[in-house]
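One structure is given here, and the rest of the page talks about it.
The values are calculated or read from the model by the stated rules, or taken from the named source; none is laboratory data. Quick caveat, the model's predicted, so the values are computed rather than measured. All Cβ positions, even for glycine, are placed from backbone atoms using ideal geometry, and neighbour counts span all protein chains on display. Accessible surface is based on the protein model in full, side chains and every heavy atom, while ligands, DNA and RNA are left aside. Shrake-Rupley method; radii C 1.70, N 1.55, O 1.52, S 1.80 Å.
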Amino acid sequence: MLRTAEKRLLPRLTALAALVMLAAWAQAASAAELERVTVRLHWLHQAQFTGYYMAQDLGLYRQAGLEVEVKPFELQTSPLQEVVERQVDFASAWLTEAMVQASKGKPVLNLAQVVQRSALMMVVHADSGINGLWDLNNRKVGMWGEHFAVAPRALFRRTGLSLTEVDQSVSMAPFMNRAVDAAMAMRYNEYHRLFQAGVDPDEIKVFEFADLGLNFPEDGIYARQELWQKRPDLCRRFVRATLEGWRRAFADPAKALDAVMRRVDASHLPTNRAHQAWMLSVMKDIILHRVGPAGMGELAPSDLEFTNGVLLALGFTEHPVPLKSFAVPAWSEP
Amino acid sequence: MSPDPRPHWLRLRPRFAIFVLAGVGLVVLVTSLLTYQDNSRALLEARKEHLLSLARAEAWKMADYLRGVSAPAQNLAAVLDGLPRQSETVLYDLLSHQLERASNVYGMAAAYAPGSYDPARKLFSPYVFRTAQGLERVQLDAAGYNYPRQDWFLIPALLGRPFWTEPYFDEGGGNALMTTFAAPFKRADQGEGVVTADMNLEALGRQTRGLEVGLGGYPFLITRQGTFLAAPKPEWVMRETIFSLAEEMDRPDLRALGRRMARGGEGVLRLIDPALGEAAWLAFAPVAGPGWSLGMVVPESEVLAPVREAAGEQAVVAATGLVALVVVVWLMVVGLTRPLNRVVAAARRLSEGDLSTQVNDVRPGDEVGELAQTFNRMVSELNRYVGELTATTKAKERIESELDLARQIQQSILPRSYPAFPDRPQFDLFALTMPAREVGGDFYDFFFVDNDHLGLVVGDVSGKGVPAALFMTVARTLIKNSGQHHREPLTAMNEVNAQILPDNEMMMFVTVFYATYELSTGLLRWVSAGHPSPLLRRAGGKLESLPRLAGMAVGVDDDLGLELGQVALEPEDVLLVYTDGLDEAVNAAQEPFGLERAEAWLAEAASGPAPEMLEGLVEHWRQFAGAVDQFDDLTLLLFRRKL
């Protein structure tokens, strides 16, 4: 027989024991069951990748059973190539680049289309006399290489413009020093860097490719075909946690910016908080474009079809990339 | 009467001190403020000027230093412009030769446009750079470095003119902050490539940061894109631009400043410094070459510190001066007011009745001394006057007492008993006299001439006072004498005149009513020597006017020209004899009492004992005259026949 005091004590002891066991199990689970995965970003740490940072910092990956290493872009590497070569599990990449790789038979798979609207634009000086696209004839246009050239080339081809392409780096100095008449810029990055270099918005004129009927969705999350076939749940958990990270970032931009700046500071990157704040706000626009918070991640078949057409026409690809083999909805419930 | 003047709120000493202190203090304050403003302005101007010269000088020094970087590259570009295409080895030697002499340069390259050096070899760019072991040679394209895309190649090649790149972190060069100068060279008027000179910015940054701005200020350096190369906060370097700060802090003025600086402007302006967070002065000047802008910032508080210190010293001096001034003023006022206070104390003693008081310890020679002397003189005068006054008063008092005695005597010689003749029931008789002064010139008398004849006298001596009284006494005595000797009033009066006239040196005269009344018949016989006729009221109440008889006053001429009047009195007839003090009395409005009022009174007056009736008349007369001082004596005599 138990005495009264012990009767009262017993449930507490039981609860305590259960708690201890639970904690031990959780400990074991975190150690044993957290899967280590890596993701390669296609650029240096910046607000363009806030979703990954928030998922990491807020423990969303951990909750998904993942221990994620977020690796920024490094010179002489290609994120998609690393995915193909199994050096990383996931990669962030532009749709056009991924489609070119896929058309070459590389086993890359679109798990989610994050950026729905192109942020690519062309800037000209307001006093350059370039008021419309036709004024670009016989002018020098600074261009970034490879897939960044898809949209401008498609534009020049469609309009039959005759101009001089100047291969340049991402520096805006050639444009600012008027070595080129027009230059490419991402709305979330170079466009604002011009502002931060003292160029007033009314001193330049912009042509947004999305407005010119050349909206190529940009950032997406990619994996090897094989990974998806073997571990669809792993892919889903990673993608869904990342997209949730974006939602949290949009809900609490200040916290998101802290997450960005921590990484920027650690990497000693020459950027500043005001610039990253701008970038995050633009990312919100182009990620939520068309789909809204609930539909984040979807690759619209029409977008893929349109992109296929342009890539084929410009000779970037030799045959269209079929939706079925290129993209899976890892962003949605199974 | 004017209202009482408002009293002073403070006594003389504090009032004087306060006024002087307030006045001088105000002047000192205003002067100090003006001086402070002037000094501030002057110092600020000087400091601004100094700051701008400093910025210019340092920017010039920096540009000079940078020419040591750009010159070798430009020299080599000029050499390559004129030479036929050289072998790779010669190019390396040329680069090394330049580099050896240019200690500020980290590395130099001769970068050819794709395919222009050797169509078989797309990129060609020999590069020489410093290492610990000496100069090292390398082909820039070796590691797949696509240099034609880079700013240092692209921009000068496209523009055909030299170019300084924005600073960058160079991973190949030890992750150092670098900038590159590049000068294009040509062949047959075709751009063939650029010669570059790389420069490590660490030393320049250190040097800039070490610039002595003074006064707690700091230097900073920004590029043409506004990027900080040297900044008050190390974390700003290469990360923030002046424009990103403006954006982050929402400071449009910073952005405007950045644009001026980035465009190569120079100037001085005041701003709230983003690093110090306080008002500061900024001078900026462009660095020729890369087009950077060097800024010098000094906090305004430090600029104005000397002015504030000077103002502080000035305040101390002014305060000390004011205190000294107060002391001096106080002493002066004390010196001034102490004798005044003595005079005041003496005046107080005087007012309390001390007529012996004097102000003795006040030095003469100034206004206060004069005041004291005057005061002393005044007290002496006062003493003398009071002495005289006392004597005069004593004399007057003596005279007054004598006059009083005289009045009593005068009154005593007039018959005052009533009834005057108790054993004669045939008539009722009473008379009174009221002198205008202590002693009068009026008189009356009644006496029996013989057993059946009663003499009635009323007289009025010309003049007043003691002489009149004396004259009256003489006249009365003479009349009584003559009356008792002569039954005829006319004879009696003429005799009196004859007696008075010879000795009348004073030329005094007397009007006299003199009558004899025959008790057995009621016949009244009278003469009037210049005297008004009496009033008669018959028994029935009817007033009867007695004729005005001729006759001059006694003492004027030897022939009086008297007429004799007679009237028979019936029982209850009332005769009123008066002097001109009755009808000539005036009231406050200067109206005379007049004979009419006396007649009216007599007509109305109830019959009664003679004293009561006269008192009634006197009361009536007094009511008319009120408090007005009468000029003439008043004498009344009332006779009533009873049987």
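Odds and ends about this structure:
- Distance between the modelled labels on B:Ala279 and A:Ser281, one decimal in nanometres: 3.2 nm (7 Å Cα→Cβ projection).
- Taken as Cα centroids, segment B:378-444 and segment A:163-231 sit 140 Å apart, rounded to the nearest whole angstrom.
- For B:Leu382, net neighbour charge (Lys/Arg +1, Asp/Glu -1) across residues whose Cβ lies under 12 Å away: -1
- Compared with the direct C-alpha span, the chain from B:Leu371 to B:Gln358 gains 3.5 nm at full extension, assuming 0.36 nm per residue.
- Inter-probe distance in nm under a simple model that places probes 7 Å from Cα toward Cβ, at B:Ala305 and B:Ser412: 11.5
- In this structure, B:Ser607 and B:Ser520 have a Cβ-Cβ separation that, at R0 = 30 Å, corresponds to a calculated FRET efficiency of about 0.85.
- Here B:Lys186 is the anchor, and the lysines within straight C-alpha reach of less than 19 Å, apart from those fewer than 8 places off in the same chain, are B:Lys122.
- What you get for the protein assembly as shown, charging only the Cβ of Lys and Arg (+1) and of Asp and Glu (-1), is a dipole of about 6920 debye around the Cα centre.
- Cross-link reach list, lysines versus B:Lys61, counting only Cα pairs under 21 Å and skipping chain neighbours closer than eight places: B:Lys48
- For segment A:157-302, the alpha-carbon radius of gyration amounts to 1.26 times the rule-of-thumb value 2.2 N^0.38 Å expected for a compact globular protein.
- Anisotropy class of segment B:70-210 from Cα gyration tensor, a/c 1.5 cut: prolate
- J(HN,Hα) series, segment B:191-197, from Karplus relation 6.51 cos²θ - 1.76 cosθ + 1.60, nearest Hz, glycine and proline x: x, 10, x, 10, 9, 10, 9
- Loop sites in segment A:114-207: trypsin sites (Lys or Arg not before Pro), DSSP, at most 16 other Cβ within 10 Å: A:Arg178
- Span-like helix ranges in chain A, DSSP H, alpha carbon extent 24 angstrom or more, Kyte mean at least -0.5: A:4-33, A:232-251
- Per-residue surface analysis assigns B:Glu591 an accessible area of about 90 Å², computed on protein heavy atoms at 1.4 Å probe radius.
- Nearby aspartates and glutamates by direct alpha-carbon distance to B:Lys642 (threshold 17 angstrom, same-chain neighbours under 8 apart not counted): B:Asp423, B:Asp428, B:Asp452, B:Glu518, B:Glu570, B:Glu572, B:Asp573, B:Glu612
- Average silhouette area of segment B:356-413, convex hull of alpha-carbon atoms, in square nanometres: 4.8
- Of the trypsin sites (Lys or Arg not before Pro) in segment B:205-311, those whose Cβ has at most 12 other Cβ within 10 Å and which sit in DSSP loop: B:Arg263
- Each peptide in B:125-132, A:265-272, B:7-14, B:289-296 was scored by the mean count of other Cβ atoms within 10 Å over its residues; highest first, the order is B:289-296, B:125-132, A:265-272, B:7-14.
- Anisotropy class of segment B:478-636 from Cα gyration tensor, a/c 1.5 cut: oblate
- Amide H contacts under 5 Å for B:Gly193, placed H, 5+ residues apart: B:Ala113, B:Phe185
- Gap separating the Cα centres of segment B:480-555 and segment B:278-323, nearest whole Å: 124
- Protein-only accessible surface at a 1.4 angstrom probe places the residues B:Leu33, B:Leu21, B:Leu634 in the order B:Leu33, B:Leu21, B:Leu634, largest first.
- Other-chain or far-sequence residues with amide H under 5 Å of B:Tyr444's (modelled H): B:Gly459
- Ranking B:Tyr36, B:Tyr517 from most to least accessible surface, computed with a 1.4 Å probe over the protein chains only, gives B:Tyr36, B:Tyr517.
- Vicinal HN-Hα couplings computed from phi for segment B:609-614 (Karplus, 6.51 cos²θ - 1.76 cosθ + 1.60; Hz; Gly/Pro x): x, 3, x, 5, 4, 5
- Full extension of the segment from B:Arg85 to B:Thr320, taken as 0.36 nm per residue of separation minus the current Cα-Cα distance, would add 75.9 nm.
- Given a 1.4 Å probe and the protein chains as shown, A:Ser171 ends up with an accessible area of around 20 Å².
- Taking all protein chains together and rolling a 1.4 Å probe, B:Lys542 ends up with roughly 130 Å² accessible.
- Under 18 Å, Cα to Cα: Lys pairs in chain A, sequence gap 8 or more or different chains: 6
- When the GluC sites (Glu not before Pro) in segment B:188-271 are filtered for DSSP coil states and for at most 14 other beta-carbon atoms within 10 Å of their beta-carbon, the remaining sites are B:Glu212.
- Percent RCO, i.e. relative contact order, over chain A, from Cα pairs under 8 Å lying at least 6 residues apart: 28
- Accessible surface ranking for B:Trp526, B:Trp281, 1.4 angstrom probe, highest first: B:Trp281, B:Trp526.
- For segment B:533-538, Karplus couplings with θ = phi - 60° (6.51, -1.76, 1.60), whole Hz, Gly/Pro x: 6, x, 9, 10, 10, 6
- Shape call, segment B:203-300: gyration tensor on alpha carbons, a/c limit 1.5: rounded
- Each 10 Å bin from 0 upward holds the following percent of the Cα-Cα pairs of chain B: 3, 11, 12, 8, 5, 5, 5, 5, 4, 4, 4, 4, 5, 5, 5, 5, 5, 3, 1, 0.
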